[in-house]
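FYI, it's all coordinate maths here, none of it is from the lab. These numbers were taken from a predicted model, which means no experiment stands behind them. A quick note on method: Cβ atoms are made from the backbone with ideal geometry, for glycine too, and the neighbour counts reach across all protein chains shown.
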2 protein chains.
Amino acid sequence: MKLPLGFRYAATYAGIRKTKKDDVALIVPDQPARAAAVFTRNVVQAAPVKLAKQNLKISKGKVTAVLINAGNANCATRTGERVALASCKALAKALKTRPEYVVPASTGVIGVELDANLLTAPFPKLVEMLDAGNFQAVAEAIMTTDTRPKVASEEVQMAAGNVRVAGMTKGSGMIHPNMATTLGFVMTDAIADAEDLQEILRHATDRSFNSLTVDGDMSTNDTVLLLASGASKVRPSSKERKALQEAVTWVMESLAEQIAADGEGARKLIVVRALGFKTREDARKIARAISNSPLVKTAVAGSDANWGRVLAAAGYAGVDFNPDDIDIEMQRVPVCRGGLAANYDEDELKQKLNESEVRIRIVNRKGGKGEARFFTCDLTEGYIQINGSYRT
Amino acid sequence: MKLPLGFRYAATYAGIRKTKKDDVALIVPDQPARAAAVFTRNVVQAAPVKLAKQNLKISKGKVTAVLINAGNANCATRTGERVALASCKALAKALKTRPEYVVPASTGVIGVELDANLLTAPFPKLVEMLDAGNFQAVAEAIMTTDTRPKVASEEVQMAAGNVRVAGMTKGSGMIHPNMATTLGFVMTDAIADAEDLQEILRHATDRSFNSLTVDGDMSTNDTVLLLASGASKVRPSSKERKALQEAVTWVMESLAEQIAADGEGARKLIVVRALGFKTREDARKIARAISNSPLVKTAVAGSDANWGRVLAAAGYAGVDFNPDDIDIEMQRVPVCRGGLAANYDEDELKQKLNESEVRIRIVNRKGGKGEARFFTCDLTEGYIQINGSYRT
């Protein structure tokens, strides 16, 4: 991975989660970075989400540190806001910066008090540890029920030199579109102002984290942050900004795919494409309904080409269409033509559905140019096992 | 069970489903009954749904027979409409009535051709078998993945004599609110006209089948039919009509509860009540979001009082509220007060959550008078097993 210049990372175990696995992490730009962020749209918002919003407003998008903890969401607690504020202050002191330049982010259980002392105790040690090589360690520290860390990177050539984009994220339950979804941190060493970054992030989020569903649940803590260090000394021209946007989108799409593929209990990534609908929004509704359908997701788990469930899910998406105009493909095999069963070899298709990536494509022959893609995963016994015993 | 007078029933095995279990059934009023119906709002509608609508329109709500089959939804098939039409014609001939007075209803797999000959062959035998005592046999014949038949009845005293209401229904996957949901047949021997029945059915459906979710999926075949034989010779006065409405609502609420309790793989019925929200619609959105949340449903499966998930689900319901005003109870134990953890005995509550019925109550202290109730079930490994292998 070619990491963006100008960022250092650190992670350690602070004792917030029970298992001894790093649970506090820092991302620190060498110079104040420019930042853009998207947050959960849940009415119930965790204390760090509220404080992060407030800090970014006061700092006008300048960030000198990102403070992340796993194991406790710091949400719906008595001391939540005090803890979030105190930890930002303590970190600012350790880094000799202003508390308003620190962005806090938490993930973990809801409704349990977070001990500020546990969180802040390792700050001196963490600051000492900061190193450009610790990117992967932070990606591992932010994991909760994830089975593997999720990272992606991209390098773009510009007239004045190369710029790099690298991101990390965590899943893998309580994932739902229509919001920032989970924790995601994307760094670039391009020079960019906060406005450009916000536009790039909006575009990339729409196509990645907001096109992702594991279980339809929407967390109280979701935060995606895009940071630009400027350390490449390359300021993309207005034309090149498009290339930067594409690189960020590509990285975030990869992260979203990885979240879906590592959805709680998932054995398969499902990529749903809807094409030929009136608008992109219509296509999104169709793709989302299919991706959210437990019946579709269990059918894929069982390698069952049950396209009737795909058609039925499209039918309740809230989009008007004529079923007679609908074609459906699974693993590129036509299973439904004009709303009716196509001729296909069940056994052959069952084999193909055993693969770790399943592609479902639904096309409206007479709709329009609206298209959308959604990422999800199959629904297995593993999801139930993980979530029936998460707190205990 | 006190059954309504004036109805006969029959069921037999026609070979539509693979397992040898009754799969065709009739409900036949002695005299043409008055009927009201609600159907799926899915854009994709099965042939019998389309024909049932058309027939009820032509007959102005008169019904001389209900023809039901399980094992095949007769949806998204080449011959669907022809098969539905031919079977109504054949039955009308056998019963010496008009095809437009027959209401067809199908449930089962989507996208597989239904053999009209299989369906119609047993009609003479079925007509022969018609008997007032076969109510339970029909309730069993309409089952698909249900583990038990679902029936309910009620008797109401009116000035001119008693009237009876009895219903049957089937679940148990592809259950979702906002529509008629699954197959339901409710009979009464009161005298009522189609308009009254439609109003009674609308009211009762809103509080029962439309307040029910097993997996958030919406079928293509859902039909609920309310039939009045008039055989009690009692015509409820305008005041008594309210009592009839209550009896129908009670029967349908019981049926909806039974569907949730027998949800695919379910071990527990979950009843969610939302109170103190601005409007009934707001309260419904909150109760529905909680009922649809896989995280809430798996927590209940694991007897885990994870109220944070309840609060988070309420937070993404699309209703504006202040989390600080929210109280949550599980099994009548306060678990959240003013958006924060309440003091309760985890072990004691875990015991209570092991019961077969789990009650979740969410109250907005400062909202209003809007309240709603929703039925759902826990989400277990069984759901995955059933739906990963339904067709195979």
Under Karplus coefficients 6.51, -1.76 and 1.60, residue-wise ³J(HN,Hα) of the range B:98-115 in Hz, glycine/proline x: 9, x, 6, 8, 9, 9, x, 8, 10, 8, x, 6, 9, x, 10, 4, 9, 7
Of B:Lys20/B:Lys50; A:Lys53/A:Lys278; A:Lys21/B:Lys350, those spanning more than 32 Å from alpha-carbon to alpha-carbon: A:Lys53/A:Lys278
Cα centroid of the range B:24-43 to Cα centroid of the range A:183-261, whole Å: 54
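Would you mind computing the Rg to Rh ratio of the protein assembly as shown from its alpha-carbon coordinates, Kirkwood style for Rh?
Working: Rg = 28.6 Å, Rh = 27.7 Å.
Here the Rg-to-Rh quotient is 1.03.
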Axis-nearest residue in chain B [Cβ, rotation onto A], distance in whole Å: B:Glu381, 2
Cα pair distances in the range A:1-123, grouped into 10 Å bins until the bin that holds the longest one, percent each: 14, 47, 33, 6, 0
Anchor B:Lys89: aspartates and glutamates whose Cα lies under 13 Å away (excluding residues fewer than 8 positions away in-chain): B:Glu81, B:Glu100
Crossing angle, helix A:80-95 versus chain A [Cα axis fit, 0-90 degrees, rounded to tens]: 60
Normalised convex hull volume, chain B, alpha-carbon set, Å³ per residue: 132
Residues whose placed amide H lies under 5 Å from that of B:Arg267, excluding near-sequence neighbours: B:Asp378
Exposure proxy order (Cβ contacts within 10 Å, fewest to most) of B:Asp146, A:Asp23, B:Asp347: B:Asp347, B:Asp146, A:Asp23
Three-way shape label, the range B:235-372, alpha-carbon gyration tensor, a/c 1.5: oblate
Inter-site label distance for A:Ala160 and B:Gln157 at 7 Å from Cα along Cβ, in nm: 9.0
Pairwise centroid distance, computed over Cα atoms, of the range A:332-371 with the range B:323-349, Å: 47
Fraction of beta bridges assigned by DSSP in the protein assembly as shown that are antiparallel (%, nearest 5): 70
Hits among lysines - C-alpha to C-alpha of B:Lys242 under 23 Å, sequence gap 8 or more where chains match: B:Lys2, B:Lys62, B:Lys233, B:Lys369
Nitroxide proxy distance, nm - points 7 Å out along Cα→Cβ at A:Arg148 and A:Lys60: 4.4
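Evaluate E = 1/(1 + (r/R0)^6) for B:His203 and A:Ala121, where r is the Cβ-Cβ distance and R0 equals 41 Å; express this FRET efficiency to the nearest 0.05. Show your work: numbers first, answer last.
Values: r = 60 Å, r/R0 = 1.47.
Rounded to the nearest 0.05, the efficiency is 0.10.
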